[in-house]
1. DSSP loop (so not H, G, I, E, B), at most 12 other Cβ within 10 Å: list which trypsin sites (Lys or Arg not before Pro) in segment 470-544 pass both filters.
2. Calculate, for residue 563 and residue 376, the FRET efficiency according to 1/(1 + (r/R0)^6) with r their C-beta to C-beta distance and R0 51 Å; round to the nearest 0.05.
3. Mind jotting down the distance between the C-alpha centroids of segment 507-566 and segment 225-269, whole Å?
4. Quick one, which of (i) 1.02; (ii) 1.44; (iii) 1.17 is the actual Rg/Rh (Cα atoms, Kirkwood Rh) calculated for this model?
5. Quick one: angle between helix 20-32 and the longest Cα principal axis of the chain, in degrees between 0 and 90, rounded to 10, please.
6. Hey, quick one: spin label on residue 67, modelled 7 Å out along Cα-Cβ, who in segment 26-59 has an amide N within reach, i.e. under 18 Å?
7. Figure the gain on full extension for residue 497 and residue 273 (residue separation times 0.36 nm, minus the Cα-Cα span) and round it to one decimal in nm.
8. Through the Karplus equation 6.51 cos²θ - 1.76 cosθ + 1.60, θ set to phi - 60°, convert the phi angles of segment 35-50 into ³J(HN,Hα) values in whole Hz; use x for Gly and Pro.
Amino acid sequence: MIIDVDEKSLRQYGQWPWPRYRIAFLLDKLRELGAASISLDMLFAEDDRNSVQAIEKELFRDLGVKVEIRGIRPEFRNNDRSLADALSRGNVILGYQFLFERDSGSDDNLFHPLPLSRLRQGPREKESSPFLNASGVVGNLKILSRAAAGSGFLNASPDSDGILRRVPLIIEHRGIFYPSLGLASLLRSLDIHEVLLKTDGRGAHSLYLNKTAIPLTSRGDMLVRFRGKGKSFAYISAADILSGRIPQEKIQGKILFVGTSAAGLKEFKSTPLDPVFPGVEVHANVVDNILQKDFVSRPKWAPGLESLLVLGFGLLSAFILARTGAGWSSLLLGGMAVGVWQASASTFGSKGIFLSPVLPLMILGGNFSFMTFLKFWFAEKNARERDQELVKVQEATIESLSSLTETRDPSTGGHIKRTQIYIRLLAEALKDERGYREILDTDTIDLLGKSAPLHDIGKVGVSDSILLKPGKLTPQEFEQMKQHTTYGRHAILSAERKLGNTSFLRLAREIVYTHHEKWNGSGYPEGLKGDQISIAGRLMALADTYDALISKRVYKSQLSHEQAVQVILQEKGLQFDPAVVDAFMKVKEDFRKVALDYMDSAEGSGWADSTNLE
């Protein structure tokens, strides 16, 4: 049970620290109510300045005024003496604080070492002691320490993550072992005069109180099984004790810890169950664990078992991830993770044995992440290879189709190559203009260049008498010639039906069908006008016309580059999209260079170009 110096106590009896005669009154009241032991979670390291004797001395020292307060019984002139008298009446355990970073404090007020016998098993420990070894102590006044029935240290440090999970039961100081406040309280209340410390080659193993074996870590810490959040134990206000409002049956036979929950005075600890856990309750949990024999242990074989689990789960999870798909592997590994967690929780809850699930879960998570990464990497690699294969297939398909036109007249090879480069130049020049940035991305421009060679594929359906005629076509022949756009479109549509709507041949189809359409609507086959014509057709129309103008054919003489430029400018807004013409003017010198670099090696027969024979 916790006797709480709370806000109610401070309102009724004044601010903290109280005069020590009031602490003495509180102890006497608790003793009268039949407490088994009373432990104070507080320090009395300096003289009480509220003593009458101390007030008289301070007034004379600071103000030079000699004041004598009369009517005070001699035993109440010194509050520390009053508290010492109350302590001497038995059953009270004082707290003190060990220091580890510097050698300070006084050792001459440590009067209650742990009555300990030691049983060593296995090899002796190394020369350096495995136990917590304090270098100094902040204790109580000697008059108080000597009068108390016992004393114990208050130290309880959190783990590296800031969570308190273990509390030292014993600390070594200058070769002597001392008990914690909770252990000292228990020894007093159970009237135990000697304990047995069992050690092995690593350090502490267990501490025996009569027949109760308390498992310890090698340093002498006890793993605490916290009962819940703060105030899991009964709290009684110190004001109610002092005022006599608590019946004896509430206190009779109880192990009491006196602490404070008042604002600004309360010490908080972070525990696994509560981030603001009252410090005084830590000692109560220690005592309750021992009384209930409800311990958390960490057996020697636990690390070995955890290592085996890590190895087993690592191999099993790797096998599962390698052999199964994403769905099954996620399901199986998730089941394994839940199983590990539940097994750890069940072992902890029923047996009090702590087996950490962290490493096995980390291995599962790590393996899952690593194997998923490998699968993703291989899948990405395979996808890249498939993409490269698809690109090659696309290129091979386009080349195969475009080669059909070359079989009709080998002299068209240069024309095909030049128009392929021309359309790329135009698209690159146009892509940064407003309205074209989203349309002409890198992939589209690349596909335009690949598709350009197919622009006249439909001419394979035109008879040689028309296709290779050296003179001007008759109106009837020209109507048949115009059908090459439809023939080409049908051929590509037939292939697209096999490939689906995302076919790479879509742009090729647009080029084949619309590259003879004109901006003003006078073209063929449908007489489309302006933006009704696809951008692929508009670009191809200019590229094809430029190449026809500068190329020599049997039915016409070639024009110079400058003349061809003038013709195209004259057709701006008529035959050609004005924006495409503007883009052409930016790269016209590049067109000239391409025309020179890829000039036909053979001239002569040629086939009639429908653009120039309209």
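1. 472
2. With R0 = 51 Å, the Cβ-Cβ based efficiency is 0.30.
3. Their Cα centres are 97 Å away from one another.
4. Given (i) 1.02; (ii) 1.44; (iii) 1.17, the calculated one carries the label (ii).
5. Rounded to the nearest ten degrees, it is 80.
6. 48-59
7. Here the answer is 74.1 nm.
8. 4, 5, 7, 10, 10, 9, 8, 6, 10, 10, 8, 10, 4, 6, 6, 8
A short reminder: the numbers here are calculations on the coordinates, not readings from a lab. Bear in mind that the values here come from a model prediction, so they are computed numbers and not experimental data. When we count neighbours, we look across all protein chains shown, and the Cβ atoms used for this are built from the backbone with ideal geometry, even at glycine.
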